[in-house]
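Comments concern the structure below.
Bear in mind these aren't lab numbers, they're just calculated from the coordinates by the rules spelled out. Source: prediction; values computed, not measured. Note that each Cβ is placed from the backbone with ideal geometry, even for glycine, and that neighbours are counted across all protein chains shown.
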Amino acid sequence: MRHRKSGRRLGRTTPHRLAMVRNMVTSLLEHERIVTTTPKAKEVRKVADKMITLAKRGDLHARRQALAFIRDSKVVAKLFDKLRAEYQDRQGGYTRIIQTGNRNGDAAPMAILELVNYQQTIEGEAAN
């Protein structure tokens, strides 16, 4: 029984799961939108919201805590510069999960995990 044990195991060992979550949070903050399975999206959402909360604090210690988890200085710089300003007035709920149905190969439930302020640019409009 797993009473009072938080978090999903996702069929991986602890180091593999931690590395996967780090990579997915980095990708989410870099691209502002990722497609993954629903259980993974729910786990990544928790950590991504914490990273944005660190960015809103904005001090050196918060930046070092984010760098200890993300380990990509360009993504951390984007987080503390661009994304911090976008979410400064928001009191949580920085990500959304959109269910997209099941995957063809193994019928795994798929979802899009994106930041709330995500704006999709169309090629024609991006040039203007």
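Details
- Lysine pairs in the range 14-119 with Cα atoms under 14 Å, if 8 or more residues apart or on separate chains: 4
- For the range 43-89: rounded, prolate or oblate by the Cα gyration tensor [a/c cutoff 1.5]: rounded
- Listed by number, the DSSP H helices of the chain that run 24 Å or longer by alpha-carbon position along their axis and have mean Kyte hydropathy of at least -0.5 are 14-31.
- Cα extents for the chain along the principal axes, largest to smallest and rounded to whole angstrom: 46, 41, 26.
- Looking at the range 42-81, the trypsin sites (Lys or Arg not before Pro) that sit in a DSSP loop and have at most 14 other Cβ atoms within 10 Å of their own Cβ are ARG71.
- For the chain, size of Cβ-based charge dipole, Lys and Arg +1, Asp and Glu -1, in debye: 960
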